[in-house]
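**Student:** One structure, as structure tokens, below. Some questions next.
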């Protein structure tokens, strides 16, 4: 059985995987073309959420909010997400 390891604080932590697992190395996932912009996807998600109430049922004009975004080390399209989110919030102000 092949041994694998992870680096942790400068040392190797060894582990084994079940023999029935197929280990893939250098896997390149097939990319698919996205037809919608981030703005459109966020807007649709806000308008039609899954598993929760829509914005207009959760917030009131008197509510206060804080928006927290990730740091620059993450490749998140923060600007497009915030434009859509703030656009929706302004509707309820």
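We did not get these values from a lab; they are worked out from the coordinates using the rules stated. On a predicted model such as this, the values are computed, not experimentally measured, just so you know. Note that we place each Cβ from the backbone using ideal geometry, even for glycine, and neighbour counts take in every protein chain shown.
**Student:** Is there a residue being in contact with a helix residue (DSSP H, G or I) (Cβ under 8 Å, 6 or more places away or on another chain) and surrounded by fewer than 10 Cβ atoms within 10 Å (Cβ to Cβ) anywhere in the range 39-57?
**Tutor:** Yes, the range 39-57 contains at least one residue that is in contact with a helix residue (DSSP H, G or I) (Cβ under 8 Å, 6 or more places away or on another chain) and surrounded by fewer than 10 Cβ atoms within 10 Å (Cβ to Cβ).
The rows are residues; the columns are (1) under 30 Å from residue 3 (Cα atoms); (2) without any contact (Cβ under 8 Å) to a residue 12 or more places away in the chain; (3) touching a strand residue (DSSP E or B) at 6+ places or on another chain (Cβ under 6 Å).
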position	(1), (2), (3)
26	yes, yes, no
35	no, yes, no
49	no, yes, no
64	no, yes, no
85	no, no, no
